[in-house]
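**Student:** Next up is a structure, given as structure tokens.
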Amino acid sequence: MTWSKFDSLAVSCQLLAVSCQLLAFSFWGFLRKRAISYQLVAISFGGVGGFLRKRAISYQLVAISSLLSGCGVYSFSGTNIDPAVRTFSIATIQNNTPQGPAYLTQRFTEDLKDYFQQNTKLKIVPRDGDLQFEGSIVAFDFAPASIQQVDGVDQAGSNRLTIQVRVRFTNTKDDKQSFEQIFQNFDDFPASRNIATINSDPNAVRTTTTKIITDIFNKSVANW
């Protein structure tokens, strides 16, 4: 069997990954032992016990951090992004429904970009990012959520705004993480509010779109 340069590189990368994991476990073991030593000394000496206990806790925290991170990327914010991923791009998310406010396309697209910039260290690029997002708003429905009788007449107890967004996500570094999915969420409003008052209130619509953006984020980079 003939090995190509790419095969040799792949094996080298795998060996490097294993070495990093072994190093992380080794370093974790060293720090854990050091933390235990400080704890034992703290028990023996009352006067400096507080200082030593704090030092022991510090070593334990560093040990846990090194074990979790290894040679990859781990974030306590919940993201799980490969170190090879440096950039992301988001194409304009068009509103393909006859409903919804005129600002919906721009607002949703910009809010999606802002969310990734605020919650990751990735750099946004105009196109061809390591992570690529494209899609469209496919449903913007406003309908009664519950019916109640008033003087024998059926009336809406509340109205529900439902938004659906179709997203195509491409991970150029790991295609197994790529997907195409419809994300949906909703919010209920008092019956006194109609679609016109909802569309004229950016904060009302944003409450629903923010939940969808959070779901998109979790699906693409948090692996939820």
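The values are calculated or read from the model by the stated rules, or taken from the named source; none is laboratory data. Here the structure is a predicted model, which means the values were calculated and not measured. Ideal geometry is used to build each Cβ from the backbone, glycine not excepted, and the neighbour counts take in all protein chains shown.
**Student:** For residue 182, which of the numbered conditions (1) exposed (fewer than 15 other Cβ atoms within 10 Å of the Cβ); (2) at pLDDT below 95; (3) aliphatic (A, V, I, L, M) fails to hold?
**Tutor:** Against the list (1) exposed (fewer than 15 other Cβ atoms within 10 Å of the Cβ); (2) at pLDDT below 95; (3) aliphatic (A, V, I, L, M), residue 182 comes up short only on (2).
**Student:** Against the definition (in the same structural domain as residue 213 (by TED's automatic domain parsing), of a type outside the set (Gly, Ala, Ser), surrounded by 14 or more Cβ atoms within 10 Å (Cβ to Cβ) and assigned to a loop (DSSP other than H, G, I, E, B)), how does residue 97 come out, yes or no?
**Tutor:** Criteria met by residue 97.
**Student:** Mind checking whether some residue in the range 198-218 is assigned to a loop (DSSP other than H, G, I, E, B) and more than 22 Å from residue 95 (Cβ to Cβ)?
**Tutor:** No - not one qualifying residue is present in the range 198-218.
**Student:** Filter the range 100-131 down to the residues that are part of a loop (DSSP other than H, G, I, E, B) and β-branched (Val, Ile, Thr), then identify the one that is farthest from residue 205 (Cα to Cα).
**Tutor:** 125
**Student:** Only one of 204, 196 is farther than 23 Å from residue 114 by Cβ, modelled with pLDDT of 90 or more and over 15 Å from the mean Cα position of the chain (by Cα); which?
**Tutor:** 196
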